[in-house]
Amino acid sequence: MATDGFTLYACVHELRTLVGGKIDKVQQPDKDIIILHIRAPETGRVKLMLCIHAENGRIQTVQRNYENPETAPAFCMLLRKYLVGCRIVSIEQKGLNRIAVFSLSGRNELFDAVELRLVVELMGRHGNLFLLNGDGTIIDCMRHFGIAENAARICLPNIAYCEPPETEKLDPFAVSLQKIEAACCGRMPGKWLIDTFSGVSRLCAEQIVKDGTPEDYIASEIYEVFTSLKEHRFAPSVIPGVGVLPFRPKNTDSIPCSSVNEAQDLFYRTRDEQAILTKTKTSLRAVLEHAKKRTEKKLSECMKTIGDEEQIERDRLSGELLLGMRGVPAGRTSVIAANYYTDPPEQIEIRLDPKYSTAENAQRYFKRYRKNKAARAYALAQVGALTEELDYLKGQLLNVAACSTHEELAEIKEELIRERYLREPAEKRRSSSLAASRPLHYRSPDGTDLYVGKNNLQNERLVRTSDPNAVWLHAKGVPASHVILCTAEPSRETLHLAAVIAAYHSSASASENVPVDYTQVRYVRKPSGARPGFVNYFHQHTLYVTPSLDEIAPYRVVEDQ
């Protein structure tokens, strides 16, 4: 969930230590994120994140380094032009709305003093980030909305900034206990809180008034939370998997934190990682799907060309029969000829172009015959390579779906660059190399280890580094992961489990009676020049199993991941 009004209120209070700080650097690692590097008198060097993501929107200081694009986006370049060197004059919140305003002072190119405002609107899918000049005109904003998208509020450069419409909700810091008691009597407290007071989100309402709270205590519970926030007696906490609160909810397994910033970092760290992982997966999947459709189209055209053999031979026959004919009047559109290659000769109709003579029509048939024959020969030569490429792309789609870490996706991305499905960056960045990703790890009931590759590099490493006597398994005839069973003589139960694991980690995971081949690692070979993940194997046996997550899940070794 995005930051609510109460949490932003506590966050802005904490961030006032940055007032007087100087902005040294601006980065935009993602389309929804701006990172300001600030040097403040009280805190020293701080990285401040301004995130307007629909679900993860918030303002917080961060420690980690974010991967930035090779070329900075246009909005980031504009912020660098205006903000670098500016000092923060104040950080304020608009009432208890999810809007924070950074007032800045700096100098322009002529060294004249200028006043700027950075307005952060954390309003879910309507969130935005504005840079305003001194008179409130929009210099630029992160998301542009014209009159076609929102006639009530235009968000474009050189337009006067218009604040979101005000709601007629009460200020929770200016209400008395008696008013709360009188107003909430006989109403549903949760919904009434959201509809009546600004800054109250659904999560806050649910945690302020728990189910089963006696009606006599509801008003006092609400007033106590409002008063503690008004007096800056914050008690930040995290409800795992739910959200961040600036107060400590009762009767909840919440995690107390020393600051709102710490609470947000704890809650959003995993969500950010997952969002980046999902984004990378989606990007790689789109590249692979595009390449797969293109390959399927090429293969379909080749198969169509190969299937035209009868028509190709008919063109050759038509040309030969026309060469043997004499006295055909000019301007004819067709002619009946005797096919002397059959016994008895059969009469066939040959189409003619009336603009050409009989001999010229024959030469046109021969020309088309040679062209189509060469195209068919080329198509026959391409079918094998295209089929192999299609299997490779299907396997990579399966690998992307199985990845659960950035290291695994990075290996797939590097492989796609080598295979020329992705363009190599124009300027290679000097970054620390990622550690090699690890395969999935299972352990059978008798203690035998099983490893499952989640991409082609893992598959190759498993085959290359495993004991030659270990058992190698692979679902037959479909894109699938390589499975290594770390024993030369597995029991029947362990071999069956390994086969189920191999079938589950394949494109046939939803099928029944999936054939799984197994042999020793010594009989698995990668052909010279083959793509990563392609192998030949010999002396194999086959098991037929039905994939089942329930059957293999208990044997997954999670702590190794």
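We did not get these values from a lab; they are worked out from the coordinates using the rules stated. Note that this is a predicted model, so its numbers are computed, not measured. Neighbour counts run over all protein chains shown; Cβ positions are idealised from the backbone, glycine included.
Please state the shape class of the stretch 440-560: rounded when a/c is under 1.5, otherwise prolate if a/b exceeds b/c and oblate if not, all from the C-alpha gyration tensor. All intermediate terms of the calculation are to be shown ahead of the outcome.
Working: a/c = 1.42, a/b = 1.26, b/c = 1.13.
Taking the square roots of the gyration eigenvalues as a ≥ b ≥ c, the stretch 440-560 is rounded.
Could you tell me the distance between the Cα centroids of the stretch 37-67 and the stretch 316-331, to the nearest Å? Measuring centre to centre over Cα atoms gives 83 Å.
Ratio of alpha-carbon Rg to the 2.2 N^0.38 Å globular estimate for the stretch 1-42, to two decimals, please. Intermediate values should be presented prior to the final figure.
Details: Rg = 12.5 Å, N = 42, 2.2 N^0.38 = 9.1 Å.
My calculation over the Cα atoms of the stretch 1-42 gives 1.37.
Checking every one of the trypsin sites (Lys or Arg not before Pro) in the stretch 21-118 against DSSP loop status and a limit of 15 other Cβ atoms within 10 Å picks out Lys31, Arg64.
Restricting the calculation to Cα atoms, the chain yields a radius of gyration followed by a Dmax of 34.7, 115 Å. Label sites at Ala381 and Arg418, each approximated as a point 7 angstrom past Cα along Cα to Cβ, lie 2.7 nm apart.
Hey, with R₀ at 35 Å, roughly what FRET efficiency would Ala510 and Arg202 work out to, going by the Cβ-Cβ distance, to 0.05?
Numbers: r = 37 Å, r/R0 = 1.06.
My answer for the efficiency is 0.40.
Principal-axis analysis of the Cα atoms of the chain puts helix 5-15 at an angle of about 80° to the longest axis. Taking every alpha-carbon pair under 8 Å whose residues sit at least 6 apart, the chain reaches a relative contact order of 8 percent.
What pairs in Lys292/Lys413; Lys293/Lys394; Lys31/Lys293; Lys94/Lys230; Lys47/Lys94 have C-alpha atoms more than 21 Å from each other? In this structure, Lys31/Lys293; Lys47/Lys94 exceed 21 Å between Cα atoms. Qualifying chymotrypsin sites (Phe, Trp or Tyr not before Pro) in the stretch 62-104, where qualification requires a DSSP coil assignment and no more than 16 other C-beta atoms within 10 Å, comprise Tyr66. With Cα atoms as the point set, the stretch 5-141 shows a radius of gyration and Dmax of 14.0, 41 Å. With the charge dipole of the stretch 71-227 set up from +1 on Lys and Arg Cβ and -1 on Asp and Glu Cβ about the Cα centre, the Cα lying farthest toward the positive end among the listed residues Ile147, Thr196, Ala174 is that of Ile147.
If each residue's Cβ is checked for other Cβ atoms within 10 Å, how do Glu42, Glu168 rank with the fewest at the top? Show your work: numbers first, answer last.
Numbers: Glu42 11, Glu168 6.
Listed from fewest to most nearby Cβ atoms, that is Glu168, Glu42.
Per residue of the chain, the DSSP helices (runs of n ≥ 4 H) give a summed -39500 (n - 2.57) that works out to -12000 deg cm²/dmol at 222 nm.
Within the stretch 444-484, what residues put their amide N at less than 20 Å from the label point 7 Å along the Cα-to-Cβ vector of Thr546? Taking a point 7 Å out along Cα→Cβ of Thr546, the residues of the stretch 444-484 whose backbone N falls under 20 Å are 475-476.
Fewest first, what order do Met303, Met49, Met325 take by the number of other Cβ atoms within 10 Å?
On the way: Met303 12, Met49 22, Met325 16.
So the ranking, lowest neighbour count to highest, is Met303, Met325, Met49.
Arranged from highest to lowest average of other beta-carbon atoms within 10 Å per residue, in what order do the peptides 361-373, 119-131, 538-550 appear? Spell out each step's value before the answer.
Numbers: 361-373: 17.2, 119-131: 19.8, 538-550: 12.8.
Result, highest mean Cβ count within 10 Å first: 119-131, 361-373, 538-550.
The modelled label-to-label distance between Arg326 and Ser404, using points 7 Å beyond Cα along the C-beta direction, is 8.5 nm. Of the residues Ser259, Asn56, Thr342, the one whose Cα sits farthest toward the positive end of the charge dipole of the chain, with +1 on the Cβ of Lys and Arg and -1 on the Cβ of Asp and Glu, is Thr342.
Set the Förster distance to 45 Å, then compute FRET efficiency between Asp308 and Asp135 from the Cβ-Cβ distance, nearest 0.05. Display every interim value, and only then the final one.
Values: r = 72 Å, r/R0 = 1.59.
The calculated FRET efficiency here is 0.05.
Note on Val557 and Ile147: their simple-model spin labels are 6.7 nm apart, each label 7 Å out from Cα toward Cβ.
Treating only the Cα positions of the stretch 308-368 as identical point scatterers, give the base-10 log of I(q)/I(0) from the Debye formula at each q in 0.18 Å⁻¹. Relative scattering, expressed as log10 I(q)/I(0), comes to -0.59. Here, P(r) means the percent of Cα pairs in each 5 Å bin from 0 to the largest distance; for the stretch 68-208 it is 2, 8, 14, 17, 15, 12, 11, 8, 6, 3, 2, 1, 0.
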